[in-house]
DNA sequence: CTGAAAGCGCTTACAG
DNA sequence: CTGAAAGCGCTTACAG
């Protein structure tokens, strides 16, 4: 098999030039005569030449391959949509993305470390990573040690300016908008199912009450904390959570569930418990996941603009890669949007609640 | 940035040997004295050595990177679960998987072609690809031209033996099992929403009726054909299809929807049309997608065993890669299983309908 | 049992 | 404007 690929040498022989000249001509070096540039280009096309990525990688030290590192990549619809968006924006710059999924039981670290240390990645995206997680922390250290540029997309309220490239996702603002929406619809007792390592959601929740001038009854009490969930524990955990919600006193009329992975199972679980949604219980989530549109009722959600996120992160990362470490760390924020569907009782009239 | 990585040379200097010896020692070459093997191994560990993947790729011609090529990879929950399974099985053999998504509007071909032609991939998985699709066809030709070994996982009833490595997924059998399940539950008018390029589903559908000794009324008539669906057309198409289903005369009591991507939207659409599920309309799908478990009602489905599929495909592919084209094409089949949930009216008692 | 050398296919100073 | 040469970091016949 492994047919002979065409190399620079083949082209050089065909046009009667040296491989150095061919190499330069192909990358459009202005030093090379326009006529020979053209001649070489045609020959390359005729032989359907493609540079060997490994040879190029070996000499330039830029493999043009970016890694997306995150926990439970394939487990989360949101992360997968991000991967697709990153891919698209990377392709615009002639880069490629390899999705690397790390699980909470440590899978991933030893799988991707050889590639990372072996110089496979020109740069790394960290998506929504939690410094509280030991595995991710190890990985981010390894990335730094390997001297590979990276950009992190997550909520970093206390991040010192310039510590690393950062696309900030504002969880507090997401919570604020979500709870504001519920308050406007008349809800007063809103339970929060919050990831334990993310105080931002709770803060935003309180902020919304404050801004609306409404007193939040027993906020701590309405706050259900949940950690990492294994894939096969999803329904079991959802049932536990819905039980907890229903035991709350007074019983909440609405639920804010930032963890998108829980939304479907939790909705299902509440219906099984005999509730009519959204009348007996409104629900709002974060992240814009396609499936939200045909859950019953469709889920209203507050989300970052995934494409803006991808564009911003890719631009930063590619710039950092091409600056070879000369560039200072940058940071940017990505806006949040409210996508109204039906799970909160509002009619999904286009844009009605958009502000 | 780009800190100096440790190379063979560093180790060689440390232990006072040549890089050839170090290289051999590290791969456990028996020719090398056990004592020096150990000494070298320790030095490598101390310097946390990892071979540069590009240098290795350049000289061995095996990059250990596999590509998963399929249409709408990130769009389909099933494909994503396959990607995760392929990754895991590839890691066992020390290979890596890069998911390459091709869309029907041609996105993907020009994105991945440079990598393919550039020698990036040691092998390729084709998942469920349709030879009727021009883009995929081009890609598969390119893979052959590049001399890259591949394995295809799809239904290939008429595939000449040994044309290429094949893991056969039996769509006809899936349809047979699905319809058999519905017939056992008493349904007699079953509509089929079938991908236009897959006559196997229709054949399996007829076979189930035949085996049950039940006359299928107007089979052609109950068959709704559907092609590739763009991501943003999902709900629109689902509404069209549910309208067509409800206009069928006599009206079907059950629906077989092999395309998993349609299942949720279609269920949603039928409910919006006022039907109670599963009483007014039973529904069965193919592929085992996690989300099916918390749709309302949860979807009963017939699926290949994804992990068996991954194991089989990876073994074939890696063997082909390492045989460097010496190996003859192999072929294998992957079993189908019925996963009973509630969308057909059967109670989801564990294993009750399992055979 | 170990080493010197060539080669994988590119890029990039350095000459001319 | 073009070319000869060194180098990226590995592997692998070929000697010894």
By residue number, the members of the range A:1-35 that are within 7 Å of DNA strand C (Cβ to nearest atom) and either at pLDDT 85 or above or in contact with a helix residue (DSSP H, G or I) (Cβ under 6 Å, 6 or more places away or on another chain) (or both) are A:7, A:8, A:9, A:19, A:20, A:23, A:24, A:26, A:27
Filtering the range B:214-236 down to residues that are within 20 Å of residue B:75 (Cβ to Cβ) and in contact with a helix residue (DSSP H, G or I) (Cβ under 8 Å, 6 or more places away or on another chain) yields B:226, B:229, B:231, B:234, B:235
Within the range B:286-309, the residues that are modelled with pLDDT of 90 or more, within 21 Å of residue B:84 (Cα to Cα), in contact with a strand residue (DSSP E or B) (Cβ under 7 Å, 6 or more places away or on another chain) and within 14 Å of chain A (Cβ to nearest Cβ) are B:292
In the range A:190-212, residues that are surrounded by 16 or more Cβ atoms within 10 Å (Cβ to Cβ) and part of a loop (DSSP other than H, G, I, E, B) total 1
Every listed condition ((1) surrounded by fewer than 16 Cβ atoms within 10 Å (Cβ to Cβ); (2) more than 10 Å from DNA strand D (Cβ to nearest atom)) holds for residue B:19 save (2)
Restricting attention to the range B:145-181, the residues that are over 27 Å from residue B:344 (Cα atoms), away from chain A (no Cβ under 14 Å) and over 18 Å from the mean Cα position of the chain (by Cα) number exactly 6
Residue hits (the range A:53-64; at the interface with chain B (Cβ under 8 Å from one of its Cβ atoms) and crowded, with 20+ Cβ neighbours inside 10 Å) are A:53, A:54, A:57, A:63
Over the range B:82-102, the set of residues at pLDDT below 85 and either surrounded by fewer than 18 Cβ atoms within 10 Å (Cβ to Cβ) or under 17 Å from residue A:79 (Cβ atoms) (or both) is B:94, B:98, B:99, B:101
* Out of all the residues in the range A:65-79, is one or more outside any helix (DSSP H, G or I), near DNA strand C (Cβ under 10 Å from one of its atoms) and either surrounded by 18 or more Cβ atoms within 10 Å (Cβ to Cβ) or in the same structural domain as residue A:289 (by TED's automatic domain parsing) (or both)? -> no
Taking the range A:220-230 and keeping residues surrounded by 14 or more Cβ atoms within 10 Å (Cβ to Cβ) and at pLDDT below 90 leaves A:228, A:229
Screening A:333, A:327 for residues that are surrounded by fewer than 24 Cβ atoms within 10 Å (Cβ to Cβ) and assigned to a strand (DSSP E or B) leaves only A:333
The condition of being modelled with pLDDT under 95 and not assigned by TED's automatic domain parsing to the domain that holds residue B:241 holds, among B:200, B:161, B:217, only for B:161
(1) in contact (Cβ under 8 Å) with a residue 40 or more places away in the chain; (2) more than 29 Å from the chain's Cα centre (by Cα) all hold for residue A:197 apart from (2)
Of B:283, B:316, the only residue that is away from chain A (no Cβ under 11 Å), out of contact with any helix residue (DSSP H, G or I) (no Cβ under 9 Å at 6 or more places or on another chain) and either modelled with pLDDT of 95 or more or part of a helix (DSSP H, G or I) (or both) is B:316
The residue that is nearest to residue B:298 (Cα to Cα), considering only those in the range B:247-287 that are surrounded by fewer than 17 Cβ atoms within 10 Å (Cβ to Cβ) and without any contact (Cβ under 8 Å) to a residue 40 or more places away in the chain, is B:276
With criteria (1) within 14 Å of chain A (Cβ to nearest Cβ); (2) part of a helix (DSSP H, G or I), residue B:275 comes up short on (2)
Filtering the range B:292-313 down to residues that are outside any helix (DSSP H, G or I) and within 19 Å of the chain's Cα centre (by Cα) yields B:301, B:302, B:303, B:304, B:305
Please tell me if residue B:143 is modelled with pLDDT of 85 or more, in a helix (DSSP H, G or I) and not assigned by TED's automatic domain parsing to the domain that holds residue B:219.
yes
In the range A:222-266, anything part of a helix (DSSP H, G or I), more than 14 Å from every other protein chain (Cβ to nearest Cβ) and farther than 17 Å from residue A:187 by Cβ is listed as A:240, A:243, A:244, A:247
The condition of being buried (at least 17 other Cβ atoms within 10 Å of the Cβ), under 14 Å from residue A:114 (Cβ atoms) and free of Cβ contacts under 8 Å to residues at least 40 places away in the same chain holds, among B:12, B:44, only for B:44
When the range B:80-99 is checked residue by residue, the ones that are more than 9 Å from chain A (Cβ to nearest Cβ), assigned to a helix (DSSP H, G or I) and farther than 30 Å from residue B:233 by Cα are B:89, B:90, B:92
Taking the range A:29-50 and the residues there that are within 12 Å of DNA strand D (Cβ to nearest atom) and not in a helix (DSSP H, G or I), the one that is nearest to the other protein chains (Cβ to nearest Cβ) would be A:29
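The values are calculated or read from the model by the stated rules, or taken from the named source; none is laboratory data. What you are looking at is a predicted structure, and each value in this text was computed from that prediction instead of being measured. Please note: Cβ atoms are built from the backbone with ideal geometry, for glycine as well, and neighbour counts cover all protein chains shown.
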